[in-house]
1. So, R0 is 35 Å and r is the distance between the beta-carbons of Ala92 and Lys142; what FRET efficiency does that work out to, to 0.05?
2. Give the cross-link partners of Lys146 among the aspartates and glutamates, using a straight C-alpha distance below 20 Å as the criterion and excluding same-chain residues fewer than 8 apart.
3. log10 I(q)/I(0), Debye, Cα-only the range 45-90, no solvent, q = 0.13, 0.33 Å⁻¹?
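Each reported figure results from applying straightforward, stated rules to the coordinates on display, with no laboratory input. The structure displayed is predicted, hence computed values, not measured ones. Ideal geometry is used to build each Cβ from the backbone, glycine not excepted, and the neighbour counts take in all protein chains shown.
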Amino acid sequence: MRLCILFLFLGLLPLSAQNAQIAGMQQDLAELRNEVEKLKLENADLRAALSHQKSAQAPAASQADVLAKSKADTLAEVDRRLKQQTADVNAALAELTRQVNAALGKTGSTPVAKPAKPAAQPEASAQPDDGLPADIPRTGIKYHVKSGDTVIKIALRNGSKPDWILKANNLASPAALKADVDIFVPQPETAGR
C-alpha cells in the first residue's frame, strides 16, 4: 500500500507542478491582457490626436488652395488684359502706319518706287499661283518670329510694311502673330538700292 501511495504521490507530483505552471501562465495571460488593453487605449488616444491634428490642418490647406486659385485667376485675368491691350496697340500701330504710308504716298512728288509698281503689277499678275495679293512685293525674306516681336517691329527692321506682312502670311490682325514660327516678310524690289 505504501507503494501505491508512493506511486499515487509521484503521479500527483507532476500534476501539482503542472497546476503551478498553469497558474503562472494564467497570471502571465492576465498581465498580457492588461498590457493589450493599455496599448488599445494608447492607440485610441493617438488616433484621436492625429484626427484632431488633421482636422486642424485641413482648413489651412483649404485656405492655401483658395489663395493659390485666386492668384492663378488674377494672373490669368492680367494675362488676358495684357494680350488684349497688346492686340489693340498693334492694331492702332498698324492703322497709324497705314495712314502714314498713305500720306507719304500722296504727298511724295513722284517717288521712284511709284512708277516701278505699276510696271511690276503686270509681272505680279503673271504669277497668280503664289497666292499673294497683287499689291505685295514678291521679293522678301523668311523671318523666324521671336517672343516679343510685333508686326510693326518686324516691318521696321526689315524695310517692309505691316500690311504686307499681314497679307503675305494670311494674318487676320497683328495679334495673330505667334512666336517661334517662320513668316515671309515682303520687301520692295528696290530696297537694295
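1. Working from the Cβ atoms, E equals 0.80.
2. Leaving aside aspartates and glutamates fewer than 8 places away in the same chain, those within reach of Lys146 are Asp79, Asp88, Asp163, Asp180, Asp182.
3. -0.51, -1.00
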